[in-house]
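A.B. asks: Take this structure first; my questions come after.
The values are calculated or read from the model by the stated rules, or taken from the named source; none is laboratory data. Here the structure is a predicted model, which means the values were calculated and not measured. Cβ placement follows ideal geometry from the backbone for every residue including glycine, while neighbour counts extend to all protein chains displayed. Note: accessible area is taken over every heavy atom of the protein model, side chains too, but ligands, DNA and RNA are not part of it. Shrake-Rupley method; radii C 1.70, N 1.55, O 1.52, S 1.80 Å.
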Amino acid sequence: MDSHKTSHEPALNRLVTTRRAAIFAGGATAAALLAACGNSGSKGGGQASDSGDADAAPALPSPTQSAAVSVPFDESRPYLEFNPDSKGPAVELLVDYRCPHCKLFAEAQDKDIRELVEKGYINYRVYPRPMLDKVTGLNFSNDTASAVVASWAEDPKLFWGMNDAMFALQPESPEDPTPDTAEVAEAAVKAGASEEVKNAVLDEKYRDYVATIEEVGQERQVGTPTVYIDGEEWMGDGEKPGTLKADLVKAIIAKAKK
């Protein structure tokens, strides 16, 4: 294993590319990282959102199930999937666990997404990307994405806890140390995964698979977090609680009437 994966390096405090050779840890690097994520708040174009207050959303139809249906891991598909047979909208999320905007999105939206997934209202696909490793020069994005994938391969029921655990590892500032591969692997075990998942992270078992997920993001030319509803990019404010749910409820009701 490469030495830079096993050493505990301060986050974003070294030179990473020729183009960024003058950027050091601190405010400038934080700005570069945020810019590299690409997506934050409300965006122009695509599927507009007029969700406003989530409390004003219309009532949902009766749920179609009491628990999420997960698709077993399939390396031919560059995503992790819930509810493949749902008659509701198809929702996709492209995410990087090192992206600060992704963490804010998760804090604002994940509770609502999980509720809709658990009740079968939506088909949900998650694309855990290693996008920001090219910016940081580290392996944190790959390691956390790999931990999520490895735990899904073991038991998809681990997903939500693993998702939270990987975001919890994200450094709060550029001056804070970035967890190395061993620390990510240990965090996966603490989140309920087995030693087999830990070893998969340490041995980079899913590096190639995670790389194929990143290819999807590159092909679509989008940053993170990016949400699609039935193939159309959602342009709402992802860091404001309730906004995504309000638009999803409208989409669910519209599909139920067809």
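A.B. asks: With a 1.4 Å probe and every protein chain kept in, tell me what percent of the accessible surface of the stretch 130-183 is carbon plus sulfur.
C.D. replies: On the way: 900 of 1720 Å².
After summing per-atom areas, the C and S share lands at 52 percent.
A.B. asks: When ligands, DNA and RNA are left out and all protein chains stay put, how many square angstrom of accessible area per residue does the stretch 132-258 have with a 1.4 Å probe? Let's see the in-between values first.
C.D. replies: Numbers: 5280 Å² over 127 residues.
Here the residues of the stretch 132-258 average 42 Å² of exposed surface.
A.B. asks: Still on this structure, I have one more. Which of the GluC sites (Glu not before Pro) found in the stretch 176-258 are loop residues per DSSP with 12 or fewer other Cβ atoms within 10 Å of their Cβ? Before the final figure, lay out each step's value.
C.D. replies: Values: sites: 183, 186, 195, 196, 204, 214, 215, 219, 232, 233, 239; in loops: 204, 239.
Loop-located and lightly packed - none at all.
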